[in-house]
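S.K.: Take this structure, written in structure tokens, and hold onto it; I'll ask about it next.
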Amino acid sequence: MTTARGYHDPCGIARALDVIGDRWALLIVRELVFGPKRFRQLRGGLRTVSPNVLSQRLRELERAGVVRREVLDPPASVAVYELTDRGRALEPVLIELGRWGSQEPVTGSGELSVNALLLALKTVFDPAAAATGSRPGAPADATFALCVDGAWFRLTVADRVLTISRTRTEHPDVILQADAATLRSVAFGRDRIAHAERDGRLTISGDRRLAERFTRMFPVPAAGHAAGRAPA
């Protein structure tokens, strides 16, 4: 997507910014990293973007081979946007950028989008903490089903790696259902599971020991915590 606004610099960083450096471009990638979405769903995650700007960025990302547009089969027959292989390759870039940015002061008062929250979980995931507290002789690996603001996600911890996908999963070890604000508060240790359950903001079914372990898997970095900062 090299345009007149490009850097015209042969450096790989400059060439990458020619493609994804415009405002909203990387946030669109963030909103698609766990699976395809309709235009309306993208706007739900990017609450302050105008429809015209979002349409323009999607077209640019399509031309650059980062995003593709597909029309679902009948009876839906609606357009969805999804990342290409090239677009999916940006996930580790987003995670590292989120890790770097989490050390900056929080300037907005709005809540994280669901995708932003889940990427924040990947940013601070601690494999050692994920293994702590498992039953003696039981594997540390686990599958969590999350229903966040009505959207279902599968979180799998296997071989000290956290994988997230936007899908329902059969026979998870534990199911947690909450809104994004509650899940953020519980996952990052600002709210206790018992309090959220008592208030009706969180529902848990399955292995409660794993549910408790979930709250220890995402420790907030000490430096950011001391400065009154929070993950992405």
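S.K.: What about S102, is it under 17 Å from A187 (Cβ atoms) and either without any contact (Cβ under 8 Å) to a residue 40 or more places away in the chain or out of contact with any His (no Cβ under 8 Å at 6 or more places or on another chain) (or both)? Explain how you work it out, then say what you get.
M.R.: Values: under 17 Å from A187 (Cβ atoms): yes; either without any contact (Cβ under 8 Å) to a residue 40 or more places away in the chain or out of contact with any His (no Cβ under 8 Å at 6 or more places or on another chain) (or both): yes.
For S102, the condition - under 17 Å from A187 (Cβ atoms) and either without any contact (Cβ under 8 Å) to a residue 40 or more places away in the chain or out of contact with any His (no Cβ under 8 Å at 6 or more places or on another chain) (or both) - is met.
S.K.: In this structure, is V66 hydrophobic (A, V, I, L, M, F, W, C) and in contact (Cβ under 8 Å) with a residue 12 or more places away in the chain? Can you show your working first?
M.R.: Working: hydrophobic (A, V, I, L, M, F, W, C): yes; in contact (Cβ under 8 Å) with a residue 12 or more places away in the chain: yes.
The answer is yes for V66.
Conditions tested, residue by residue: (1) closer than 28 Å to T167 by Cβ; (2) of a type outside the set (K, R); (3) outside the structural domain of L155 (by TED's automatic domain parsing); (4) exposed (fewer than 11 other Cβ atoms within 10 Å of the Cβ).
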site	(1), (2), (3), (4)
R5	no, no, yes, yes
R23	no, no, yes, yes
R30	yes, no, yes, no
Q41	yes, yes, yes, no
R47	yes, no, yes, yes
A76	yes, yes, yes, yes
G101	yes, yes, yes, no
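S.K.: In segment 69-81, what count of residues is obtained for those that are touching a strand residue (DSSP E or B) at 6+ places or on another chain (Cβ under 6 Å) and either of a type outside the set (A, V, I, L, M, F, W, C) or over 18 Å from F39 (Cβ atoms) (or both)?
M.R.: The qualifying residues number 3.
S.K.: Same structure, new question: Which is outside any strand (DSSP E or B), hydrophobic (A, V, I, L, M, F, W, C) and more than 13 Å from the chain's Cα centre (by Cα), of A116, A145, A181? Full working, then the answer.
M.R.: Working: A116 fails: more than 13 Å from the chain's Cα centre (by Cα); A145 fails: outside any strand (DSSP E or B).
None of the others qualify; the one that does is A181.
The values are calculated or read from the model by the stated rules, or taken from the named source; none is laboratory data. Computed from a predicted structure; not experimentally measured. Here Cβ is always computed from backbone atoms with ideal geometry, including for glycine, and neighbour counts include all displayed protein chains.
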